[in-house]
1. What number of residues in region 267-286 are open to solvent by 40 Å² or more (accessible area, probe 1.4 Å), assigned to a loop (DSSP other than H, G, I, E, B) and within 30 Å of residue 195 (Cα to Cα)?
2. Could you tell me whether any residue of region 274-282 is farther than 11 Å from residue 320 by Cα and either of a type in the set (S, T, N, Q) or touching a Cys at 6+ places or on another chain (Cβ under 8 Å) (or both)?
3. Got a sec? Which of 309, 332 is on the phi > 0 side of the Ramachandran plot and surrounded by 13 or more Cβ atoms within 10 Å (Cβ to Cβ)?
4. Output the residues belonging to region 338-359 that are in contact (Cβ under 8 Å) with a residue 60 or more places away in the chain, open to solvent by 30 Å² or more (accessible area, probe 1.4 Å) and in a helix (DSSP H, G or I).
5. From 116, 41, 69, 108, grab the single residue that is open to solvent by 40 Å² or more (accessible area, probe 1.4 Å), in a loop (DSSP other than H, G, I, E, B) and modelled with pLDDT of 80 or more.
6. If we keep just the residues of region 299-337 that are free of Cβ contacts under 8 Å to residues at least 40 places away in the same chain and touching a strand residue (DSSP E or B) at 6+ places or on another chain (Cβ under 8 Å), which is farthest from residue 185 (Cα to Cα)?
7. Scan region 223-249 residue by residue and report those that are open to solvent by less than 20 Å² (accessible area, probe 1.4 Å), part of a strand (DSSP E or B) and more than 22 Å from residue 335 (Cβ to Cβ).
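The values are calculated or read from the model by the stated rules, or taken from the named source; none is laboratory data. It should be emphasised that the depicted structure is a prediction, and the values quoted were computed from it without experimental measurement. Every residue, glycine as well, gets a Cβ built from its backbone with ideal geometry; the counts of neighbours run over all protein chains shown. Ligands, DNA and RNA are stripped out before the accessible areas are found, and what is left, the full protein with its side chains, is counted by its heavy atoms. Shrake-Rupley method; radii C 1.70, N 1.55, O 1.52, S 1.80 Å.
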Amino acid sequence: MKKLSALLLALMLAVMPALAETGTAWLLYTPITGWPENTSPDGNGNIATTNATITGEGYYTVAITYLHPWTSTEGAQRLHIIIDNGEALFPGMYMNVTDVRVDGVSIPVGSIAYGPAGYDNGIVDENDSYAVLYDQVFVNENVAPAGHVTWDGSDVKASVIDQADILYGGQLLEVDFFLSLMQNELPGSKQEVRAVWYNRNTAGVAGLSLKDLGVADDWHNVVPVDLTVEGVYAYPMVAADAHQIGTAYVTVVGGMVQVDCVYLPGEVYEKSQCIKWFTSLDQLTAGDLASTEGGLGCGVAVSIADDLGGADVAYLSINNKVNFRSPIDNDGNELPRYFRNAPTWVAYREQLLSMLPGAAE
């Protein structure tokens, strides 16, 4: 019983979802005079902090509150949004500042290009006429942007405010920002694609099942192909009898016939090929259609006279194996579903049945 309980516990832990990582965002602020300043998420005796718990993509606000009515008018030197251990917790995230307010009133936020001038070990020099509001996820306040990539894809830049817009007389300083998973996409505008893989599924031709033909109670399909008329015939291909996955092109020319398989664009990977031809219904068996032994590869031409006995109509079977995913690409597109009982597919099979020997009699 103890071993069984341990096994059940292990299984429960294996299927439990992992807890989302969280981080703390706070506002670092240093005035030109160096005091009062905020260099900690905990604030100090002169400044109280309003931090944000970061859980990933979304909108956030950080703030500091002056606890005394300072009257200096020398303005801000440094203004940083800090996310503790942010680069490790939220790799690849994009940050963008949306608003800065002093006592509830928005102030202008501009931008500057990064460059060698005006920086001292990654920190704004005290002689600059602006205070930088860094718009990137930082490990700590002393890390300047390295290979900084902006949310909107514009030239490398930093958000800036006029030093004079933030004075000690302001009681409340607030900064709104967001984190996004996708460049130039607002939070939540594009959901992360979660793909489900289907491996070694059968990719066959959509046609007549052995059950439709009265041969066997089996779902494997064949299509009758008229070998007396030269041309290129296109037949839909389906995966696992449920998803439209591509097209089989059958080329009849010069007494030869060959099959080429083309899959829909996206995450579809062909693992093996198996093309088989039969010249009469009597040759069709569930075992032969399910087996991949003795099959031809795509693009292999066979002689109608020598290999197919000069038949006017031959039955094509495709039993390729493919790996594919749903959705089929990173844009969230799905493979079209195949519903064999839909009116369009019923009419398609009726047309194929009309090609069988004796069908018109």
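1. Qualifying residue count for the region: 2.
2. yes
3. 332
4. 345, 348, 353
5. Of the residues listed, the single one that is open to solvent by 40 Å² or more (accessible area, probe 1.4 Å), in a loop (DSSP other than H, G, I, E, B) and modelled with pLDDT of 80 or more is 108.
6. Ranking the qualifying residues of region 299-337, first place goes to 307.
7. Correct list: 224, 225.
Yes or no, residue by residue, for (1) in contact with a Leu (Cβ under 8 Å, 6 or more places away or on another chain); (2) under 20 Å from residue 248 (Cα atoms); (3) modelled with pLDDT under 95; (4) among the β-branched types (Val, Ile, Thr):
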{"site": "296", "(1), (2), (3), (4)": "no, yes, no, no"}
{"site": "300", "(1), (2), (3), (4)": "no, yes, no, yes"}
{"site": "303", "(1), (2), (3), (4)": "no, yes, no, no"}
{"site": "306", "(1), (2), (3), (4)": "no, no, no, no"}
{"site": "314", "(1), (2), (3), (4)": "yes, yes, no, no"}
{"site": "317", "(1), (2), (3), (4)": "yes, yes, no, no"}
{"site": "320", "(1), (2), (3), (4)": "no, yes, no, no"}
{"site": "328", "(1), (2), (3), (4)": "yes, yes, yes, yes"}
{"site": "332", "(1), (2), (3), (4)": "no, no, yes, no"}
